[in-house]
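What follows is one structure encoded as structure tokens, with my remarks underneath.
The values are calculated or read from the model by the stated rules, or taken from the named source; none is laboratory data. These numbers were taken from a predicted model, which means no experiment stands behind them. Note that we place each Cβ from the backbone using ideal geometry, even for glycine, and neighbour counts take in every protein chain shown. Ligands, DNA and RNA are excluded from the accessible area calculation, which covers all protein heavy atoms including side chains. Shrake-Rupley method; radii C 1.70, N 1.55, O 1.52, S 1.80 Å.
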Amino acid sequence: MHDEKRDQELFEKIVGHIGEFVEADVSHLAPDSHLATSIEGMSSLKMVELLLYMEDCFGLEFDGSVMDKFGTMRDLVTYIRDLQDAPQQPA
């Protein structure tokens, strides 16, 4: 069972990182906002760069095959939360 407060905090952290990445105010983003259309200037290349930036911000490694499956902010929050909750694999 996931914690709504934790998801909200994670969402706010992600929005902050996206704002840093695009160097713009993205406070209009909501959990149902579509990543590709809700962030001005977001191309498919820029999306990959954003997700690589998110990996660095959260110290995680995203599976390359899932990068095109992030439709909404909620998808991204869920994916990052699930990665954070997964048992750490030995290096």
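Worth pointing out:
- Taking segment 56-77 as the range and being under 19 Å from GLU23 (Cβ atoms) and open to solvent by 30 Å² or more (accessible area, probe 1.4 Å) as the test, the residues that pass are ASP56, CYS57.
- Note on segment 1-27: residues that are assigned to a loop (DSSP other than H, G, I, E, B) and either under 14 Å from the mean Cα position of the chain (by Cα) or more than 17 Å from THR72 (Cβ to Cβ) (or both) amount to 6.
- In segment 1-28, the residues that are in contact (Cβ under 8 Å) with a residue 60 or more places away in the chain reach residues that are of a type in the set (Gly, Ala, Ser) with C-beta atoms within less than 9 angstrom, at least six apart or across chains, in these pairs: PHE11/ALA30.
- Restricting segment 28-72 to residues that are among the charged types (D, E, K, R) and part of a helix (DSSP H, G or I), the residue that is nearest to the chain's Cα centre (by Cα): GLU55
- As a summary of the residue check, LYS5 satisfies the conditions (1) within 29 Å of PRO87 (Cβ to Cβ); (2) open to solvent by less than 30 Å² (accessible area, probe 1.4 Å); (3) modelled with pLDDT of 90 or more except for the one numbered (2).
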